[in-house]
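Report on one structure; see the data block that follows.
The values are calculated or read from the model by the stated rules, or taken from the named source; none is laboratory data. Here the structure is a predicted model, which means the values were calculated and not measured. Here the Cβ positions follow ideal geometry from the backbone for every residue, glycine too, while neighbour counts run over all protein chains shown.
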Amino acid sequence: MEDLNSGKGIQVLVPGPDHKFTLNEEALEKLLLRDDIKDCPIVIISVAGAFRKGKSFLLSFFLRYMHNKYNLSDGGSKWLGNADEPLQGFSWRGGSERHTTGLLLWSQPFIATLENGDKVVIYLMDTQGTFDSESTVKDNATVFALSTMLSSVQIYNLSQNIEEDDLQHLQLFTDYGRLALETSSGKPFQRLQLLVRDWSFPYDYPYGEKGGQQLLEKRLAIREEQHHELQSLRHHIASCFEELKCFLMPHPGLTVATNPNFKGNLSDISEEFKQALKEFIPMLVAPENLIVKKIAGQKVKAKDLLLYLKSYMNIFNGSTLPEPKTILEATAEANNLSAVAEAREVYETLMEEVAGGAKPYMQPSLLQQEHRRARDKALHAFRSKKKMGGDAFSENYGEKLFKELEEQYEQYRLRNDDKNVLRRAGTALVLLALALA
Ligand code: GDP
Ligand code: MG
């Protein structure tokens, strides 16, 4: 069996110029198309969230679990390791140096057997650069969205608490992912596991899963007096994931948080933190708890993942996805407004062709027919344009558009009537002239 030291994080999604990403296809093929793996259903555990909040550090404990528990017969309860063993794995700590954005997969896949006897393969995925000030929002959204689309469990790593802006980020990024998936029915993603680091109110909500669930329910509760936006954000999150969980992690101790010489030795980590790791990690990767990746209801095999990745990349690098602007002013409104403007143009172009200023008078019934045709085309254009914010949100804009077009029609109708008056006046003048001649 290969040991942990010979593994490494492989960057599979690589940022390039112009905020485009490329896939490291060679590495992916090696990783996914191995003969003993390619036909196995996959489990992908991903960790995403802000920079320098202990994501890679945490994943390295997942690696310890996978190595000790899965590969050593005597792994037992000692999988966490020895007191003075430095922590190996995904490179953590990074200092303040700039990390590139992207996705990393651990070079060693782990094979597990589910309770029903099925063989599956587990990949651990690290994400980098999310919310890093030098990355653009689009980069962040791409990394977060892709990792959510690819994983069967997305761990959303948060510092200290679940704040409203954490939920807003989540909404923006999952919306981006959902848009790319082009699904409007069903829940596109599997488990979202919120992980709150350095939780410091264990007397309100205890560490671990139970306290996490209580906090999550409180934060995601939808109340009548809540502002409409807060409500729709909560609906959105609930509608994106099949399962929402939360775990409250205690502080790991000052050495971990502040000592530059800390190497990851267990003896330097607080007891509470270690205890929480022993609960948390098996919750996600013990064989009885594994969640196989599904896309559109189908189990995904290792070899399929490569195909999905390639087609997702085309979408993210293409031009059909709207650009997410600043994270806080989520682009939903702008998206919808521009879709309205485009739809209005469709209507105007068609109507000008038949009833513009230079066009002659036409029968009112014919004008109405033209109006309906143009209106339906415009509404169709509005609906088929990709928009953020969900259907309920854009419904409002659709209704406004409908009203606006009816008002415009009224203008065309009046102008047409005027032409009729002029025409009659014109005929009268001609007759008068003839009479006088
Ligand atoms: P990443 O950028 O999110 O991957 O963060 P890293 O895993 O590289 O860790 C960044 C720093 O945070 C390291 O110095 C760790 O020692 C420290 N760290 C790891 N876990 C925790 C935690 O739960 N709380 C605190 N306060 N620091 C942590
Ligand atoms: Mg990291």
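Every listed requirement among (1) crowded, with 19+ Cβ neighbours inside 10 Å; (2) in contact with a helix residue (DSSP H, G or I) (Cβ under 7 Å, 6 or more places away or on another chain); (3) modelled with pLDDT under 85 is met by VAL285 save one, (3). Just to be sure before I move on: is GLY7 touching a Lys or Arg at 6+ places or on another chain (Cβ under 7 Å), at pLDDT below 90, closer than 23 Å to LEU290 by Cα and among the small types (Gly, Ala, Ser) in the structure I sent? Spelling it out, it is not the case that GLY7 is touching a Lys or Arg at 6+ places or on another chain (Cβ under 7 Å), at pLDDT below 90, closer than 23 Å to LEU290 by Cα and among the small types (Gly, Ala, Ser).
Within the range 41-53, if we keep just the residues that are within 16 Å of ligand 1 (Cβ to nearest atom) and buried (at least 22 other Cβ atoms within 10 Å of the Cβ), the residue that is farthest from VAL121 (Cα to Cα) turns out to be GLY49. Looking only at residues in the range 22-40 that are within 22 Å of LEU290 (Cβ to Cβ) and crowded, with 16+ Cβ neighbours inside 10 Å, the one that is modelled with the lowest pLDDT is LYS38. Among the residues in the range 126-142, are any outside any loop (DSSP other than H, G, I, E, B), of a type in the set (A, V, I, L, M) and at pLDDT 80 or above? Looking through the range 126-142, none of the residues is outside any loop (DSSP other than H, G, I, E, B), of a type in the set (A, V, I, L, M) and at pLDDT 80 or above.
Scanning the range 1-21 for residues that are surrounded by fewer than 13 Cβ atoms within 10 Å (Cβ to Cβ) and not acidic (Asp, Glu), we see that the one that is nearest to PHE62 (Cα to Cα) is ASN5. Cβ separations smaller than 9 Å between residues 6+ apart or across chains give the following pairs from the range 52-64 residues that are in contact (Cβ under 8 Å) with a residue 24 or more places away in the chain to residues that are among the acidic types (Asp, Glu) and crowded, with 21+ Cβ neighbours inside 10 Å: LYS55/ASP126; SER56/ASP126; LEU59/ASP126. For the range 395-412, taking the residues that are buried (at least 17 other Cβ atoms within 10 Å of the Cβ) and touching a residue at least 60 places away in the same chain (Cβ under 8 Å), the one that is nearest to GLU342 (Cα to Cα) is identified as LEU401. Number of residues in the range 360-392 that are charged (D, E, K, R) and in contact (Cβ under 8 Å) with a residue 40 or more places away in the chain equals 4. When the range 147-166 is examined, which residues are found to be at pLDDT 80 or above and surrounded by fewer than 19 Cβ atoms within 10 Å (Cβ to Cβ)? Residues satisfying the conditions are SER159, GLN160, ASN161, GLU163.
Matching residues to (1) out of contact with any Cys (no Cβ under 9 Å at 6 or more places or on another chain); (2) surrounded by 14 or more Cβ atoms within 10 Å (Cβ to Cβ); (3) modelled with pLDDT of 95 or more; (4) of a type in the set (A, V, I, L, M):
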| position | (1), (2), (3), (4) |
| --- | --- |
| SER184 | yes, no, no, no |
| PHE189 | no, yes, no, no |
| ARG197 | yes, yes, yes, no |
| SER200 | yes, no, no, no |
| LEU216 | no, yes, no, yes |
| GLU225 | yes, no, no, no |
| HIS228 | yes, no, no, no |
| ARG234 | yes, yes, no, no |
| ALA238 | yes, no, no, yes |
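The single condition among (1) of a type outside the set (Ser, Thr, Tyr); (2) within 16 Å of ligand 2 (Cβ to nearest atom); (3) at pLDDT 85 or above; (4) touching a Leu at 6+ places or on another chain (Cβ under 9 Å) that ALA48 does not meet is (4). So, in the range 11-53, how many residues would count as being closer than 25 Å to PRO260 by Cα and not small (Gly, Ala, Ser)? Residues flagged as closer than 25 Å to PRO260 by Cα and not small (Gly, Ala, Ser) within the range 11-53 amount to 4. Note on the range 257-268: residues that are outside any helix (DSSP H, G or I) and more than 9 Å from ligand 1 (Cβ to nearest atom) amount to 3.
On the given criteria, is PHE382 part of a helix (DSSP H, G or I), under 21 Å from VAL340 (Cα atoms) and touching a Gly at 6+ places or on another chain (Cβ under 8 Å)? Step through it out loud before you land on a result.
Details: part of a helix (DSSP H, G or I): yes; under 21 Å from VAL340 (Cα atoms): yes; touching a Gly at 6+ places or on another chain (Cβ under 8 Å): yes.
Spelling it out, PHE382 is indeed part of a helix (DSSP H, G or I), under 21 Å from VAL340 (Cα atoms) and touching a Gly at 6+ places or on another chain (Cβ under 8 Å).
The residue that is farthest from ligand 1 (Cβ to nearest atom), among those in the range 6-37 that are part of a loop (DSSP other than H, G, I, E, B) and over 30 Å from LEU80 (Cα atoms), is ASP35.
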